[in-house]
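Structure first, then comments.
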Amino acid sequence: MSTDTPNDTARAGNDSPAARLPGKAGTSGARKAPAPAPAANRGGRPAPRPAARTSRPGRATPRRVRLSLSRVDPWSVFKIAFLLSVAVAIAGVVMTGVLWTVLSGMGVFGNLNDLLRSMDRKGSSFNLMDYIGFGRVMSLSVVIGVIDIFLMTAIATLGAFLYNICSSLVGGLHLTLTDE
């Protein structure tokens, strides 16, 4: 009685690498179909076969998946919040500069300065631009941006810690995603 497996019978012939090359000794020059690879030894189990592809008709209803967001990593929230707050601070400084330039070009500051001088009957030498000049406005905008970076980063990180505490009590945020 023979104990050959199908793989052993396929390898019964000359299975050396040189024998599989076309035009070498021991072959007729015609291409042979390669022998199936031997099964990997995983505790005596044969290698898993890839699933056969079958064509399925399109789904009549969209697939729905229920997920639960049970934990947020505070370090990743810190990094993302820091980068986003830096972007917001830069945008705020640029917006302040553009707005000041537009208002100055339209003559708003000059008209406002004339209005304030006309309200003073003694004819003082008050100049509004001493207080809201471009340099002062931009410096204040940068200071507010730096404070904003620290506050937004700290509040977002604290929010991540609080979310983790609350989600451990109630189970997190439940989402239902659909595939349309």
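The figures follow:
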read-out: Within segment 60-100, trypsin sites (Lys or Arg not before Pro) in DSSP loop having at most 13 other beta-carbon neighbours inside 10 Å; value: 71
read-out: Label-point gap, in nm, between residue 150 and residue 127 - each point 7 angstrom along Cα→Cβ; value: 3.3
read-out: Relative contact order (%) - criterion: Cα under 8 Å, at least six apart; region: segment 80-173; value: 46
read-out: Distance between segment 91-127 and segment 134-180 - C-alpha centres, whole angstrom; value: 35
read-out: Spatial extent of segment 80-173: Rg and Dmax, with the Cα atoms as the point set, Å; value: 21.3, 70
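Values quoted throughout were computed directly from the atomic coordinates according to the rules given, and no laboratory measurement underlies them. Values in this document were obtained by computation on a predicted structure and should not be read as measured data. Because the Cβ atoms are built from the backbone with ideal geometry, glycine has one as well, and the counts that use them run over all protein chains shown.
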